[in-house]
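Below is one structure; the comments refer to it alone.
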């Protein structure tokens, strides 16, 4: 439970907003399936539009993360997930970018789900704080996403 809880079912306003975004994403995906549109292209367009709406530092990082993931893990399909840019394999999210602004955090996050093949013994990181995406960080992200889909 967030320390910013408003008492409504134990979720913060930001968490409730993310859940509403996810419900809207599911409705949009269902409509696309029904009309047979190029779902992948539309989903990527949604991700690019969501990134463009972000504040400057988050937007710059998200653009770089998006470019690195799509270049290094072409088997992952961009999609929105709880209002965040995410990358899925067979419809299941493998990794995602969470802007700092979204949950009023001091850093953005590159997160990995249990679908990612990052296992390393009995404990491994599933999320990485991002304050800047440098060339070194891009290389690390590229290696992580390649491992995640291996």
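Could you work out how much longer the chain between residue 24 and residue 123 gets when fully extended? Use 0.36 nm per residue separation minus the Cα distance between them, nm to one decimal. Don't jump to the answer; show the numbers that get you there.
Working: separation 99, 0.36 × 99 = 35.64 nm, distance 3.44 nm.
The residue 24-residue 123 span can extend by a further 32.2 nm.
Counting alpha carbon pairs within less than 8 Å and at least 6 residues apart, what relative contact order, in whole percent, applies to the chain?
Relative CO of the chain lands at 19 percent.
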Pick from 91, 121, 83: which is most flexible by mean-square fluctuation in a GNM of the chain where alpha carbon atoms under 10 Å apart are linked?
-> 121
When the convex hull of the C-alpha atoms of the range 13-149 is computed, what volume per residue in Å³ does it have?
-> 110
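We did not get these values from a lab; they are worked out from the coordinates using the rules stated. Treat the numbers as computed from the prediction; the structure is a model and nothing was measured.
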